[in-house]
Amino acid sequence: MPPTSSFAIDVPDALLARARAGERAAFEQLYRWFERPVFTLAMRIGGDREEAAEVLQDTMLKVLGRIGEFRGGSPFWGWLRQIAVNEALMRLRSRRRLGHEIALDDEPGLEDHAPLPPAAADAAQLQRALLELPAVTRSVLWLYHAEGYTHEEIAALMQRTASFSKSQLARGSRRLRLLLETGGPSATAKAANTKLEANHA
Amino acid sequence: MESPPAGGWAVVSRSLASHAAPSSIVGRREQRANWLIWTASAAVLAVVAWAPLERWLGAPQDTVSAKSTAAAAPARSERDTGARAKDPADQPMLTDRIENGARVASTPVTTKVPAASLPIAGDATPKRPKPARAPASSSRTASSATVAATPEGLQPPIDVSPSTNTAVAATTPVDPLPRLYAESAQLEALVALARDDRVASASGAVLTGELDARIGLIDAALSQSDLSPAQRSALWRQRIDALRELAGVESTERWLAAQGERLDGALVRVD
């Protein structure tokens, strides 16, 4: 069963019409509805609260400024989410963090479908564990598991291949499981992360 | 989910305000449509007002009576803004008349008067002049002249010095009804010319429907035989106001249609 995105909020046509007409109250309502999903996505991808707040503002300004361009052929939340993802990834690129991912090895077809350990139910612990992952790996994990993007879609967003997305997902999932099973970032995981990021710097 | 820091909306709201209206296609089109509506309405009203104004300017100035009737016209500018102050003595009766008329008659009664056959000299008023108030005490008589000197039942008596305004107590009674009939007929002709169902929009149809209904109620009230001259004049003025609005809407729709626009805002396009 595909994951249910936190963005999947059904926006009434009347509210959209009011927003297109430039009604400030409609803008605010859209902002309130989507600020947490956008901020959460930005946090998962960027890993930094200040950056995530900036991504939220940039995203909502773009959405509200271009709302007349939304033609209604797909859910509004999907259109908004795409803008949010693009903003978050653009910020990663601008900070040259898009090259920070778990190194690929030569194992092809590395799919990891094993469920996360029970510790994943602890949101705070999950967040801490995710922050331990490299930005790109974390982004792939979040986009795939939480937002339901396919590997092809993730590849297009990150200007990589679908194989890259699958590999990052597999390795990221294993790393995350390890972090959660050990109850936190192990010294080994920390060292491994530091080494990997230094290699890509 | 993560909670964003507080105050985010305030930042976005300020940014939106500083960038003016959002660059939405509908926002720009609606601004342009509003400008066109106002321009078209002004043009229509100018056309409507021109003929009587021309007659007024060309007619020999029967100073007292002509200027006394000017007091009736200013009511229109206040009607437009909805800031009309009504004579409390008349207003409830007029409302009752209209309501009774609506119950009594289901079809509008329209009195047709040949537009060009009515003497306007000495009686014509500029349609959109600056308000020229008549002293209430001096203009209130039993005759319709007093009715002409004050906006019948539509404004409270205004105590204005005769030296600054032109109405004088001893005026020749002038019946305003023929002029009102003429103006109403002109507006009906204009509406008939401007109306074109092929270019009607949903919003326009709603507006014209409501105005048609309002005119119908007024006509029903006018059909009652026991109206006083003051009440009849007031109803005719209300009819003229409604016809002006209707003429404006119909003309605007045709104008917009000629420009490829519609009275409605742009709709969502579904690919």
| field | Top-ranked residue in segment A:24-52 [being within 8 Å of chain B (Cβ to nearest Cβ) and closer than 11 Å to residue A:64 by Cα; ranked as surrounded by the fewest Cβ atoms within 10 Å (Cβ to Cβ)] | value | A:24
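Residue under question is residue A:27, and the condition is that it be among the aromatic types (Phe, Trp, Tyr) and within 18 Å of the chain's Cα centre (by Cα); does it hold? Don't jump to the end; show me each part of the working.
Details: among the aromatic types (Phe, Trp, Tyr): yes; within 18 Å of the chain's Cα centre (by Cα): no.
When the stated conditions are applied, residue A:27 does not pass them.
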| query | Within segment B:220-230, can you find the residues that are buried (at least 19 other Cβ atoms within 10 Å of the Cβ) and within 16 Å of residue B:184 (Cα to Cα)? | reply | B:220, B:221, B:222
| message | Take residue B:253 and tell me if it is closer than 26 Å to residue B:176 by Cβ, without any contact (Cβ under 8 Å) to a residue 60 or more places away in the chain and part of a helix (DSSP H, G or I). | response | no
| task | Please enumerate the residues belonging to segment B:1-23 that are at the interface with chain A (Cβ under 9 Å from one of its Cβ atoms) and at pLDDT below 80. | result | B:1, B:19, B:21, B:22, B:23
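For segment A:5-23, which positions are surrounded by fewer than 23 Cβ atoms within 10 Å (Cβ to Cβ) and facing another protein chain (nearest Cβ under 7 Å)?
Of everything in segment A:5-23, those that are surrounded by fewer than 23 Cβ atoms within 10 Å (Cβ to Cβ) and facing another protein chain (nearest Cβ under 7 Å) turn out to be A:6, A:21, A:22.
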| said: Residues that are surrounded by fewer than 16 Cβ atoms within 10 Å (Cβ to Cβ), at pLDDT below 90 and of a type in the set (A, V, I, L, M): list the helices (runs of 4 or more DSSP H) wholly contained in segment A:108-182 that include at least 1 such residues. | reply: A:123-131
| message | I'd like to know if segment A:63-73 contains one or more residues that are surrounded by fewer than 22 Cβ atoms within 10 Å (Cβ to Cβ) and more than 10 Å from every other protein chain (Cβ to nearest Cβ). | response | no
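Look at segment A:28-42 and say how many of its residues are more than 14 Å from residue A:18 (Cα to Cα) and touching a residue at least 24 places away in the same chain (Cβ under 8 Å). Before you say what the answer is, go through the steps one by one.
Here is the first cut: in segment A:28-42, the ones more than 14 Å from residue A:18 (Cα to Cα) are A:32-42.
Going one step further and asking which of them are touching a residue at least 24 places away in the same chain (Cβ under 8 Å), we end up with A:33-38, A:40-42.
Count: 9.
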| message | Suppose the filter is surrounded by 15 or more Cβ atoms within 10 Å (Cβ to Cβ) and either modelled with pLDDT of 85 or more or over 30 Å from residue A:13 (Cα atoms) (or both); does residue B:256 pass it? | response | no
| note | Turns out the helices (runs of 4 or more DSSP H) fully within segment B:119-237 with at least 2 residues that are at pLDDT below 50 are B:136-139, B:144-149
| request: Can you run down the residue pairs with Cβ atoms below 6 Å, 6 or more apart or on separate chains, where the first is in segment B:174-203 and within 17 Å of residue B:230 (Cα to Cα) and the partner is of a type in the set (Gly, Ala, Ser)? | output: B:174/B:65; B:174/B:145; B:174/B:148; B:175/B:144; B:176/B:148; B:176/B:233
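The values are calculated or read from the model by the stated rules, or taken from the named source; none is laboratory data. Everything numeric in this text was worked out from a predicted model, so none of it was measured. Here the Cβ is made from the backbone with ideal geometry for all residues, glycine too, and neighbour counts use every protein chain on show.
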